[in-house]
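J.: Structure provided below as structure tokens; questions to follow.
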Amino acid sequence: MEKKNMDWANIGFAYQKTDKRFVSNYKNGAWDEGVLTEDDTVTISECACVLQYAQTCFEGLKAYTTEKGQTVIFRPDLNAARMKDTCERLEMPVYPVEKFVEAVVQTVKANMAYVPPFGSGATLYIRPFMFGSNAVIGVKPADEYQFRVFTTPVGPYFKGGAKPITIRVCDYDRAAPRGTGHIKAGLNYAMSLYPIMDAHRNGFDENMYLDAATRTKVEETGGANFIFITKDNKLVTPKSDSILPSITRRSLVYVAENYLDMEVEHREVYFDELKDFAECGLCGTAAVISPVGKVNDHGREICFPSGMEDMGPVTKKLYDTLTGIQMGRIEAPEGWIKVIE
Ligand code: PLP
Ligand code: COI
């Protein structure tokens with residue numbers, strides 16, 4: 001398969017149309033078989049539930065070219081399961097887990113020329129999503145839905161790649177207790193647009209959201225979970241019912257315990273503890289692991305000892321092991337890697 005001629009090392013995290021996408025429609029209580037199409041547009045009623053009441057959700061995962069030249073995807077079954085949970089919370093019909101994985105595989109296969117080569121620093125981002133497509137004017141769920149999967153080649157989510165970023169404590173809340181923070185609903189991202197632009201306008205790369213009820217505990221950012229490393233090399237990850245259960249974070253916990261022999265604590269993390277950690281990072285499909293150098297709390301800076309030049313040593317070990325597994329340099333746990341034949 002001839003790859004597209006692209007400047008893979010400099011593509012950034014931006015949408016680029018690729019050749020084919022998967023589309024399946026839900027009508028009269030059932031999903032159709034779905035097709036691959038070249039049509040990247042969607043035509044729906046002006047009164048579609050997604051347009052009026054934001055009934056939409058999505059997932060994100062990546063395809064990688066391994067050292068041996070295979071194309072692989074990472075834990076797609078977990079994305080399928082998370083989308084199921086999201087759909088149930090949003091009164092949307094579940095797209096069956098096995099069919100989800102098959103749709104992702106088919107879409108990647110149809111866009112192989114866009115899977116960045118091994119060592120290029122880029123990957124193929126895969127975006128499955130669903131929306132309520134028929135007209136509803138009273139507040140109620142749609143009766144008809146569309147499930148789509150498209151792909152787009154991407155580079156690092158944060159400019160500068162592995163350079164530590166600066167984040168600020170956000171005065172806005174991301175998710176309410178008993179709200180929708182734990183699912184991947186489009187509405188969670190709509191509400192984050194003002195805070196993220198405001199953070200950028202003030203010179204910060206991202207927002208650190210605190211728990212809405214007490215504003216004493218660390219939750220997550222708009223698009224990634226936190227990891228912290230203690231001075232005695234433990235991995236600490238915030239626990240909360242209102243953060244997205246990151247697949248990257250769950251994978252890192254396994255890697256820390258089983259590959260790096262580290263102790264892991266998944267627990268509530270108080271903002272006051274931040275000053276005691278040695279390293280901090282953001283983890284997610286898009287972010288991979290982006291190191292955080294400092295947190296700005298209304299002018300007061302909390303600087304991690306790992307500094308602003310490089311990823312901290314323990315974060316680097318986690319990063320190298322996880323990406324080693326994804327790129328086929330390190331043997332993966334059973335079931336983590338799906339090879340696209
Ligand atoms: N938290 C939020 C709010 C996200 O949007 C994402 C991205 O998917 C994550 C965390 C990381 O999750 P994952 O590792 O499954 O990509
Ligand atoms: C992902 O990491 O896949 C996400 O969905 C995060 C998004 C903010 C790009």
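J.: Can you compute the label reach from residue 46? Point 7 Å from Cα along the Cβ direction, backbone N cut-off under 17 Å, restricted to region 111-137.
T.: Answer for region 111-137: 134-137.
J.: Based solely on its DSSP helices, what 222 nm [θ] is calculated for the chain when runs of n ≥ 4 H residues each add -39,500 (n - 2.57) and the sum is averaged over all residues, nearest 500 deg cm²/dmol?
T.: -6500 deg cm²/dmol
J.: A further question on this structure: Mark the label point 7 Å from the Cα of residue 214 along Cα→Cβ and return the residues of region 272-301 whose backbone N is within less than 11 Å of it.
T.: Flagged as within label range: 272.
J.: Take residue 341 and residue 250, extend 7 Å from each Cα along the Cα→Cβ direction, and tell me the distance between the two endpoints in nm.
T.: For the pair residue 341/residue 250, the computed spacing is 2.6 nm.
J.: Moving to a separate point now. Kindly work out what percent of the DSSP beta bridges joining two residues of region 165-326 are antiparallel, to the nearest 5.
T.: Bridges in region 165-326 that DSSP calls antiparallel: roughly 60 percent.
J.: Follow-up question, since we're still on this one. How far apart, in nm, are the 7 Å Cα→Cβ label points at residue 17 and residue 137?
T.: 3.4 nm
J.: Note down the Stokes-Einstein diffusion coefficient of region 223-341 in µm²/s, whole number, using a Kirkwood radius over alpha carbon pairs, 25 °C, and 0.890 mPa s.
T.: 165 µm²/s
J.: Quick check: residue separation of residue 70 and residue 30 times 0.36 nm, minus the Cα distance between them. What number comes out in nm?
T.: 10.9 nm
J.: Another question, then. Would you mind getting the Kirkwood hydrodynamic radius of region 205-248 from its Cα pairs, rounded to one decimal in Å?
T.: 11.4 Å
J.: To continue, here is another question. Once the convex hull of the C-alpha atoms of region 291-341 is built, how many Å³ does it hold per residue, rounded to a whole number?
T.: 124 Å³
J.: Let me ask something else about it. Along the positive direction of the dipole of the chain (beta-carbon charges: Lys, Arg +1; Asp, Glu -1; about the Cα centre), which of 260, 237, 283 reaches farthest?
T.: 283
J.: Let me ask you something else. Largest first and in whole Å, what are the equivalent-ellipsoid semi-axes of the chain based on the Cα gyration tensor, each being the root of 5 times an eigenvalue?
T.: Its equivalent ellipsoid spans semi-axes of 32, 26, 18 Å.
J.: A further question follows. Based on C-alpha coordinates, I'd like the Rg and Dmax of region 216-275, in Å.
T.: Radius of gyration, then largest Cα-Cα span, for region 216-275: 11.3, 33 Å.
J.: Just add up the charged neighbours of residue 34: K/R +1, D/E -1, any other residue whose Cβ is under 10 Å from the Cβ of residue 34.
T.: Charge balance in the 10 Å sphere: -1.
J.: To continue, here is another question. Using all C-alpha to C-alpha distances in region 239-303, build P(r) with 10 Å bins and read off the rounded percent in each one.
T.: P(r) for region 239-303, in whole percents per bin: 17, 46, 34, 4.
Read the figures in this text as sums done on the coordinates, not as results from a lab. Predicted model only: the values in this text are computed from it and were never measured. Cβ: placed from backbone, ideal geometry, glycine included. Neighbour counts: every protein chain shown.
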